[in-house]
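Peer 1: Got a structure for you, questions after.
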């Protein structure tokens with residue numbers, strides 16, 4: 001079997017470098033680089049990607065050994081059909097380690113054709129570190145490294161308006177573009193880079209908020225032999241991902257014209273505000289996850305797929321998604337239903353074994369951000385509480401009681417203060433006290449949820465029912 005590189009893989013093309021990508025990990029390679037590959041193939045986008053390793057230790061050496069080539073294995077269900085495809089991605093031209101190749105890194109700013117900067121440096125990556133200095137080789141923080149590069153470009157091209165960059169951060173924080181821009185402004189001030197540079201950055205460059213969505217399990221160690229046999233190359237950088245992808249970019253039409261991914265049939269949306277899409281993802285993907293996990297687990301199921309396909313719990317998931325959470329969002333109904341059906345296909349993905357116990361980590365903070373807003377809006381709009389969501393909360397509280405499920409020991413994992421509170425409350429064996437105590441824990445919710453009309457009584461009734469009849473029978477009673 002031959003090693004994968006541009007000599008052995010004759011079909012690989014070499015494109016002009018127009019994108020700087022901070023991050024060489026699985027997600028960007030299976031998401032952004034896959035998107036650029038499709039744009040090159042389908043609409044002649046003709047763009048290559050230079051990958052910059054954000055940390056001193058990383059994978060660019062491995063990437064360079066393969067001349068930037070690797071395969072993406074997409075698996076999942078699309079409109080009821082099972083998909084399992086493998087494609088070689090050829091958009092990465094080279095990888096750079098700025099810690100050992102600083103001069104080469106700074107030369108990226110001198111390329112007149114360079115137009116885009118894309119990053120995924122983890123949620124912790126977009127942070128201002130005041131210890132960074134302008135003459136560090138390189139600055140340790142990602143915003144610091146980017147500011148060094150931007151300032152060099154500003155000087156090289158004499159502040160030319162047409163030499164600014166379009167910047168798409170993909171870090172999983174809300175308003176990632178706003179946060180990154182704020183950090184760059186802090187460096188401009190700290191390093192005294194001047195008003196002219198600040199003005200150029202603010203007018204010639206655009207830092208845009210984005211939302212990314214694709215499950216990327218990464219290197220497929222379970223099936224790697226089978227994949228290598230199919231591709232007939234040694235590839236150490238194969239990456240597995242689900243087929244669903246969504247990239248929401250809060251940017252004007254002028255930016256979409258320069259990055260016309262939708263013309264390649266890709267699910268990349270340029271919108272006036274990413275907030276409705278952020279809310280949609282949190283509400284219709286993360287929200288159901290948070291409540292189906294304890295309800296499914298206490299009904300004897302172990303994976304998300306089992307929950308969705310189960311005759312009873314599947315109906316519960318559908319109720320929570322379509323009858324409760326979906327009705328609390330303000331995007332067009334058809335669009336929301338399409339997204340919810342896509343989510344169900346993702347939950348059913350036969351290639352991903354997503355254990356519900358892994359989702360149960362830190363369930364109370366998750367319920368607070370993902371489900372509580374929907375519970376309140378549903379009550380406001382319908383004059384009654386959403387029974388599926390309240391039962392989900394009862395499931396979390398019951399799971400946190402610990403004990404056994406068959407031969408399995410239930411081991412909740414959360415903030416110590418929350419675990420201590422639940423241990424103490426369950427000692428009373430009085431479900432009314434448990435319900436009142438949990439809802440009244442302002443350190444969890446930031447408020448006293450006992451004040452929500454009818455919630456204490458409904459939660460108490462469901463907790464009692466789960467104790468008396470078990471979770472499965474309680475679910476049947478609300479369907």
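Peer 1: Based on what the data block shows, is residue 129 over 16 Å from residue 105 (Cβ atoms), free of Cβ contacts under 8 Å to residues at least 24 places away in the same chain and either in contact with a strand residue (DSSP E or B) (Cβ under 7 Å, 6 or more places away or on another chain) or not in a helix (DSSP H, G or I) (or both)? Steps first, answer last, please.
Peer 2: Working: over 16 Å from residue 105 (Cβ atoms): yes; free of Cβ contacts under 8 Å to residues at least 24 places away in the same chain: yes; either in contact with a strand residue (DSSP E or B) (Cβ under 7 Å, 6 or more places away or on another chain) or not in a helix (DSSP H, G or I) (or both): yes.
When the stated conditions are applied, residue 129 passes them.
Peer 1: Only one of these is without any contact (Cβ under 8 Å) to a residue 24 or more places away in the chain and surrounded by 13 or more Cβ atoms within 10 Å (Cβ to Cβ): 385, 419, 391. Name it. Talk me through it step by step, then tell me what you get.
Peer 2: On the way: 385 fails: without any contact (Cβ under 8 Å) to a residue 24 or more places away in the chain; 391 fails: without any contact (Cβ under 8 Å) to a residue 24 or more places away in the chain.
The match here is 419.
Peer 1: Here's something else I'd like to know. Considering only residues that are under 30 Å from residue 354 (Cβ atoms) and in contact (Cβ under 8 Å) with a residue 60 or more places away in the chain, look in segment 50-65 and name the one that is farthest from the chain's Cα centre (by Cα).
Peer 2: 62
Peer 1: All but one of (1) surrounded by fewer than 20 Cβ atoms within 10 Å (Cβ to Cβ); (2) touching a residue at least 40 places away in the same chain (Cβ under 8 Å); (3) at negative phi hold for residue 316; state the number of the condition that does not hold.
Peer 2: (1)
Peer 1: Hey, another quick one. Of 446, 470, 454, 403, which residue is touching a strand residue (DSSP E or B) at 6+ places or on another chain (Cβ under 9 Å) and surrounded by fewer than 17 Cβ atoms within 10 Å (Cβ to Cβ)? So that I can check it myself, show each step before the final result.
Peer 2: Values: 446 fails: touching a strand residue (DSSP E or B) at 6+ places or on another chain (Cβ under 9 Å); 470 fails: touching a strand residue (DSSP E or B) at 6+ places or on another chain (Cβ under 9 Å); 454 fails: touching a strand residue (DSSP E or B) at 6+ places or on another chain (Cβ under 9 Å).
Result: 403 is the single residue among 446, 470, 454, 403 that is touching a strand residue (DSSP E or B) at 6+ places or on another chain (Cβ under 9 Å) and surrounded by fewer than 17 Cβ atoms within 10 Å (Cβ to Cβ).
Peer 1: Test residue 435 against the criterion of being closer than 30 Å to residue 311 by Cα and surrounded by 20 or more Cβ atoms within 10 Å (Cβ to Cβ), and give yes or no.
Peer 2: yes
Peer 1: Here's a follow-up. Among helices (runs of 4 or more DSSP H) lying entirely in segment 380-479, which contain 2 or more residues that are in contact with a helix residue (DSSP H, G or I) (Cβ under 7 Å, 6 or more places away or on another chain), assigned by TED's automatic domain parsing to the domain that holds residue 284 and over 17 Å from residue 324 (Cβ atoms)?
Peer 2: Details: elements: 387-399, 416-427, 431-439, 442-445, 455-469, 471-478.
Here the list reads 387-399, 416-427, 431-439, 442-445, 455-469.
Peer 1: State all residues of segment 330-378 that are touching a helix residue (DSSP H, G or I) at 6+ places or on another chain (Cβ under 6 Å), within 30 Å of residue 83 (Cβ to Cβ) and modelled with pLDDT of 95 or more; if no residue qualifies, say none.
Peer 2: 336, 340
Peer 1: Sticking with this structure for a sec: For segment 100-139, which residues satisfy the criterion of being more than 18 Å from residue 51 (Cα to Cα) and under 30 Å from the mean Cα position of the chain (by Cα)? Step through it out loud before you land on a result.
Peer 2: Step one: of segment 100-139, the residues more than 18 Å from residue 51 (Cα to Cα) are 123-124, 127-136.
Result: 123, 124, 127, 128, 129, 130, 131, 132.
Peer 1: Right, another one. Looking at segment 222-242, which of its residues are surrounded by fewer than 20 Cβ atoms within 10 Å (Cβ to Cβ) and under 17 Å from residue 29 (Cα atoms)?
Peer 2: Across segment 222-242, the qualifying residue is only 236.
Peer 1: Using beta carbons and a limit of 9 Å, which pairs, at least six apart or on different chains, have the first residue in segment 195-214 and within 14 Å of residue 158 (Cα to Cα) and the second one part of a strand (DSSP E or B)?
Peer 2: Hits for this filter: 201/207.
The values are calculated or read from the model by the stated rules, or taken from the named source; none is laboratory data. Bear in mind that the values here come from a model prediction, so they are computed numbers and not experimental data. In this analysis, Cβ positions are derived from the backbone assuming ideal geometry, glycine residues included, and neighbour counts consider all displayed protein chains.
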